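Chemist: Below you will find the structure I want to go over with you.
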Amino acid sequence: MRAYLYDDIPGDQREPHDSGKTVSFETLAKLGVVYRQFPIDAEGKWEETIDAFAKERGYKNRDQITVTREGLGESYESKIKMFFDEHLHEDEEIRYILGGSGFFDVRGFGGAYDDQWIRIAMEKGDLVILPAGIYHRFTVDTANTITAMRLFQDEPKWTPYSRSLKETEQREARAAYINELRQGAKAVGVGA
């Protein structure tokens with residue numbers, strides 16, 4: 001996993017768009033983003049590790065999603081564009097990459113990264129948790145394939161709320177997220 005500022009240069013979203021400005025794990029943590037690396041081994045020990053992690057965090061359900069041109073057929077391009085629409089969820093979004101690679105972009109909040117895109121490059125063995133209420137988007141990279149395990153605390157649900165809709169900013173999950181960031185900023189002595 002690598003994180004860096006997205007360069008905002010128009011072009012294919014699947015390209016790296018690497019500005020050359022690295023973003024630290026500490027900065028991601030301040031945004032509520034959790035990152036872990038659980039290498040996938042041939043013996044299957046990674047499954048025990050994921051099971052223990054899921055139990056620790058209260059994740060009871062999981063499924064698997066594969067995004068490929070072959071698998072999605074004619075709807076591939078429209079699906080990729082849909083995933084890339086800036087949105088939030090009312091629950092955490094947890095993804096463990098089983099194969100392939102792609103990018104999660106998250107919006108910075110406050111300080112030097114305020115409202116800037118931070119790109120998180122993900123590959124096999126990477127796990128990311130995006131907090132409820134964070135604006136984000138997803139895309140495969142130029143290899144056009146990714147397989148991910150999705151973990152859920154309750155019944156699987158994935159309802160995106162697009163930032164383009166005025167009411168999204170008023171959602172309870174967004175307000176709780178912003179409040180948590182402001183409280184955290186005060187706790188570490190950063191202006192809110």
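The values are calculated or read from the model by the stated rules, or taken from the named source; none is laboratory data. These figures come from a predicted structure and were not determined experimentally. Reconstructed Cβ throughout: ideal geometry from the backbone, glycine too, with neighbour counts over all protein chains shown. For the accessible areas, the whole protein counts, side chains as well, though only heavy atoms, and no ligand, DNA or RNA atoms are used. Shrake-Rupley method; radii C 1.70, N 1.55, O 1.52, S 1.80 Å.
Chemist: What's the magnitude of the charge dipole for region 50-168 around its Cα centre, counting Lys and Arg as +1 and Asp and Glu as -1 at the beta-carbon? Answer in Debye, nearest 20. Please list the in-between numbers first.
Modeler: On the way: 16 positive and 21 negative charges, 22 e Å.
With Lys and Arg at +1 and Asp and Glu at -1, about 100 debye.
Chemist: Would you please give the residues with an amide H less than 5 Å from that of Thr145, counting only those at least 5 places away or on a separate chain, with H modeled from the backbone geometry?
Modeler: Those lying under 5 Å, H to H, from Thr145 are Ser101.
Chemist: Whole number in Å², please: accessible area per residue of the chain, 1.4 Å probe, ligands, DNA and RNA not counted. Working shown, then result.
Modeler: Details: 10310 Å² over 192 residues.
Value for the chain: 54 Å² per residue.
Chemist: Can you list the aspartates and glutamates whose alpha carbon is less than 17 Å from that of Lys21, not counting same-chain residues fewer than 8 positions off?
Modeler: Asp7, Asp8, Asp105, Asp114, Asp115
Chemist: Just the number: Rg to Rh for region 43-122, Cα atoms, Kirkwood Rh, two decimals.
Modeler: Values: Rg = 15.8 Å, Rh = 15.5 Å.
Ratio value, two decimals: 1.02.
Chemist: Go ahead and run the numbers for FRET between Thr66 and Glu90, Cβ-Cβ distance against an R0 of 22 Å, rounding to 0.05. It would help to have the intermediate numbers written out before the result.
Modeler: Details: r = 25 Å, r/R0 = 1.13.
Step by step, r from the Cβ atoms, then E = 0.30.
Chemist: OK, next. Would you tell me the accessible area of Ile9, worked out with a 1.4 angstrom probe on the heavy atoms of the protein chains, in Å² to the nearest 10?
Modeler: In the full protein context, Ile9 sits at about 100 Å².
Chemist: Also, quick follow-up: Once a ≥ b ≥ c are taken as the square roots of the eigenvalues of the Cα gyration tensor of region 1-65, is the result rounded (a/c under 1.5), prolate (a/b larger than b/c) or oblate (a/b not larger than b/c)?
Modeler: On the way: a/c = 2.40, a/b = 1.90, b/c = 1.26.
Judged from the Cα gyration tensor, region 1-65 comes out prolate (a/c at least 1.5, a/b above b/c).
Chemist: Once all Cα-Cα distances of the chain are split into 5 Å bins that start at 0, what whole-number percent is in each one?
Modeler: With a bin width of 5 Å, the distribution comes to 1, 7, 15, 19, 21, 18, 11, 5, 1, 0, 0.
Chemist: Next question, about the same structure. Go through region 44-51 residue by residue and turn each phi into a ³J(HN,Hα) via Karplus (6.51, -1.76, 1.60, θ = phi - 60°); whole Hz please, and just put x for glycine and proline.
Modeler: x, 5, 4, 5, 5, 5, 5, 4
Chemist: In whole Hz, with x marking every Gly and Pro, tabulate ³J(HN,Hα) for region 115-129 from phi via Karplus 6.51 cos²θ - 1.76 cosθ + 1.60, θ = phi - 60°.
Modeler: Along region 115-129, the couplings run 6, 8, 7, 10, 9, 10, 7, 10, 9, 3, x, 7, 10, 10, 10 Hz.
Chemist: Counting only residues 5 or more places away or on other chains, whose amide H sits under 5 Å from the amide H of Val23 once H atoms are built in the peptide plane?
Modeler: Amide H neighbours of Val23, under 5 Å, 5+ apart: Ala3, Tyr4, Leu5.
Chemist: Using the Karplus curve 6.51 cos²θ - 1.76 cosθ + 1.60 with θ = phi - 60°, what ³J(HN,Hα) values do you get for each residue of region 86-100, in whole Hz, with x for Gly and Pro?
Modeler: 5, 8, 9, 10, 8, 10, 4, 10, 10, 9, 10, 7, 8, x, x
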